[in-house]
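**Student:** The structure is given below, and queries will be raised subsequently.
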Amino acid sequence: MDGMTEQKTNPHVFVLKDELPNGPGLRAARCRACGRHTQGRVLVCAHCFSDDLEALAAGHSAELIEHSIARVPAGGFDAPYAIGQIRTDEGMILFAPLLGDPQAFGPGKRLRFVQVDHPTGISGFAYELEEDGAPE
Ligand SMILES: [Zn+2]
């Protein structure tokens, strides 16, 4: 971590490359006691209340639970755009903007985290469809 002035749409939710190990990704903590992840900047594990936590970026891969399509542009996204409730591979559930053709999304679709650099110089994040069955 350094003194760089980062401009982000929501610094509590995600981190850029070099901000945390595994960045860019969602801001999270992994619990050394139970191994589970808690979203955000946290002092104790949401699952077992241990304070033995490691801050890192997570949520690089996720699955779409459901989504809706927004008709009004907002947050640097041109309308129509999709917003989805997603479950990351670590089990964190959140709402996130979806990048790409709004019609292409559906329940169970595999997604990956992408950093979105807006022309204004502000960085945001979104999820896009994983390309054809990325190898493990
Ligand atoms: Zn825990």
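Bear in mind these aren't lab numbers, they're just calculated from the coordinates by the rules spelled out. Note that the structure is predicted; figures quoted are calculated from it, not measured. Cβ coordinates were reconstructed from backbone atoms using ideal geometry, including for glycine residues, and neighbour counts include every protein chain displayed.
**Student:** Apply the Karplus curve 6.51 cos²θ - 1.76 cosθ + 1.60, θ = phi - 60°, to the phi angles in region 18-29 and return the couplings in whole Hz, x for Gly and Pro.
**Tutor:** 6, 7, 9, x, 6, x, x, x, 6, 6, 8, 10
**Student:** How would you order 87-100, 32-45 from highest to lowest mean count of nearby Cβ atoms within 10 Å?
**Tutor:** 87-100, 32-45
**Student:** Under 5 Å between amide hydrogens, which residues at least 5 positions from residue 82 or on another chain qualify, with H placed 1.01 Å from N in the peptide plane?
**Tutor:** 70, 98
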